[in-house]
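Structure record follows, encoded as C-alpha cells.
What follows draws every value from the coordinates through simple rules; no lab data is involved. Model, not experiment: these values are computed from the prediction. Positions of Cβ are generated from backbone atoms using ideal geometry, with glycine treated the same way; all protein chains shown enter the neighbour counts.
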Amino acid sequence: MSLQLMKKMTKLNQKQTNKHPERLLLVGMIGAAHGISGLVRVKSFMTEPTDISNFDLLEDELGNIIKLELTGKRSGGALLSKLKGIESRNAAESMKGKKLYALRSALPNPSSEEWYYADLIGLNVFDRLKKHIGIIQSVVNYGAGDLLEISLTNGELLSIPFTRDLVPNIDINSGKITIIIPSQTTPVGKESSSLELENIE
C-alpha cells in the first residue's frame, strides 16, 4: 500500500520568525488589486483554495499580521479578498506579491498513513541497518507519484518513490525516517554512487 501525502499546500516554503519560533508555512500569495475599493486577488496554495480563510493568523514575510476576508468571488482563478485596513486601490497595489504564512500548528493533524510535505522535509534518513545516510531535502511530484529527494551525507542527491516498500517507517516525533534503496536507483546527477545501495529483493 502506498503512503499518502497530505497536499494541503501545493507549494511549500517554511520559515521561522523571532515572533513565532515554530514553523510558518506558505499558504498563499497576494496578487494584483481588483477594482477601486481595495480588493485584491489571492492565490491560495491550499488543496481547497477557500480553506485559506480558515486561519485565524496569517503573516507576511516581515511578520505583519494580515486579516483576510474572502468575498466569495473569483477572478482568473484567484480568490477576491478584502484585507483589513486596505480601503483603496493604491493601498491594495502596495500589497501585491506579499506571501501569506500560517502557523504549522494551525493545520489539522493528518490521519494515520498521511503526512504533510512540511513534516517530512528535514527528517534524518536512515537505512535498514540504522545507518544515518542523509536528510530529506524536498518532496516532489512530476506526475508519476511522490518522490523523496534525499541529500546524502556524501554530498549526492538521491530520489526515491514514496511507497510503503521503500519507506517502511516514519517517526515525525523523533525526526527519523527509514528507507530501503532499490539497487537500480542512481543519485541525481551521478552515473554511479559511492553509497552502497541496498537490494530490496
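Label points 7 Å out from Cα along the Cβ direction at Leu57 and Ala106: separation in nm?
So the label points at Leu57 and Ala106 sit 0.8 nm apart.
On full extension of the chain, what length is gained from Ser138 through Thr47, given 0.36 nm per residue of separation minus the C-alpha to C-alpha distance?
Numbers: separation 91, 0.36 × 91 = 32.76 nm, distance 1.87 nm.
So the chain would gain 30.9 nm between Ser138 and Thr47.
FRET efficiency for Lys73 and Ile172, Cβ-Cβ distance as r, R0 = 30 Å, nearest 0.05?
On the way: r = 38 Å, r/R0 = 1.27.
So the FRET efficiency works out to roughly 0.20.
Could you list Ile179, Ile36, Ile172 so that the one with the fewest beta carbons within 10 Å of its beta carbon is first and the one with the most is last?
Numbers: Ile179 23, Ile36 10, Ile172 13.
So the residues, fewest neighbours to most, are Ile36, Ile172, Ile179.
State the extension gain, in nm to one decimal, for the chain segment bounded by Lys131 and Asn154, taking 0.36 nm per residue of separation less the distance between their alpha-carbons. Let's see the in-between values first.
On the way: separation 23, 0.36 × 23 = 8.28 nm, distance 1.32 nm.
Separation in residues times 0.36 nm, less the Cα-Cα distance, equals 7.0 nm.
Just want the ordering: Lys67, Lys99, from fewest to most Cβ atoms lying within 10 Å of their own Cβ.
Values: Lys67 13, Lys99 19.
Listing Lys67, Lys99 from fewest to most nearby Cβ atoms yields Lys67, Lys99.
In whole Hz, what ³J(HN,Hα) sequence does the range 154-168 give by Karplus (6.51, -1.76, 1.60; θ = phi - 60°), x for Gly and Pro?
After applying 6.51 cos²θ - 1.76 cosθ + 1.60, I find 8, x, 8, 10, 10, 10, 10, x, 8, 10, 4, 4, 9, 10, x Hz.
Provide Leu62, Leu120, Leu103 in ascending order of the number of other Cβ atoms located within 10 Å of each residue's Cβ, fewest first. Numbers along the way, then the final one.
Numbers: Leu62 8, Leu120 21, Leu103 16.
By the 10 Å Cβ count, ascending, the order reads Leu62, Leu103, Leu120.
Within the range 59-75, whose backbone N sits under 18 Å from a point 7 Å along Cα→Cβ of Arg89?
So the set is 75.
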